[in-house]
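First up is the structure itself, then whatever we jot down about it.
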């Protein structure tokens, strides 16, 4: 049995992408029907957070039309649940270490193409409220998402613009 505490966390960027109405881009995972999340992905070696942010946007939603509004000052970690531990990344990581970025989508919905990448992450997508996102997120990511929704709550509220 592998000692999971000895494994590193995978460095990632999380993307809280808001539209003009303050709703979040949420995607339903390709391989898990009913599993919704915000875009996220690994930060490649030598890549800046901002570079990873825009690359992941292009890969996951088919567009990089956004303005970065804020980078959360806390790095969030979560461990993969046991049932996923050995299925993800060949068991090389204990979990993920995420830096979250809030951004405003500057394109049109027609610019979004979740099938643009060779290996699409999402089967469907919607603009949803932060509260609805919390209802849809898988349990092992819920605590992180609660903190993200709280930290970026002013961005979701159109009256603060």
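Is it fair to say residue 91 is closer than 20 Å to residue 7 by Cβ, surrounded by 12 or more Cβ atoms within 10 Å (Cβ to Cβ), at pLDDT below 95 and touching a helix residue (DSSP H, G or I) at 6+ places or on another chain (Cβ under 7 Å)? Give the derivation first.
Working: closer than 20 Å to residue 7 by Cβ: yes; surrounded by 12 or more Cβ atoms within 10 Å (Cβ to Cβ): yes; at pLDDT below 95: yes; touching a helix residue (DSSP H, G or I) at 6+ places or on another chain (Cβ under 7 Å): yes.
Answer is yes for this residue.
Here are the criteria: (1) assigned to a helix (DSSP H, G or I); (2) touching a residue at least 60 places away in the same chain (Cβ under 8 Å); (3) over 15 Å from the mean Cα position of the chain (by Cα). Tell me which single one residue 83 does not satisfy.
The number of the failed condition is (2).
Quickly run through segment 5-38 and pick out the residues that are surrounded by 14 or more Cβ atoms within 10 Å (Cβ to Cβ) and either at positive phi or free of Cβ contacts under 8 Å to residues at least 12 places away in the same chain (or both). Working first, answer last.
As a first pass, look at segment 5-38 and keep what is surrounded by 14 or more Cβ atoms within 10 Å (Cβ to Cβ): 7, 9-19, 22-30, 35-38.
Result: 22, single match.
Mind listing whichever residues of segment 135-161 are crowded, with 16+ Cβ neighbours inside 10 Å and in contact with a helix residue (DSSP H, G or I) (Cβ under 8 Å, 6 or more places away or on another chain)?
Result: 137, 145, 149, 152, 156.
Please enumerate the residues belonging to segment 45-80 that are in contact with a strand residue (DSSP E or B) (Cβ under 7 Å, 6 or more places away or on another chain), assigned to a loop (DSSP other than H, G, I, E, B) and at pLDDT 95 or above.
65
Hey, among the residues in segment 1-38 that are within 13 Å of residue 141 (Cβ to Cβ) and part of a loop (DSSP other than H, G, I, E, B), which one's nearest to the chain's Cα centre (by Cα)?
38
The values are calculated or read from the model by the stated rules, or taken from the named source; none is laboratory data. Keep in mind it's a predicted model, so treat the numbers as computed, not measured. Ideal geometry is used to build each Cβ from the backbone, glycine not excepted, and the neighbour counts take in all protein chains shown.
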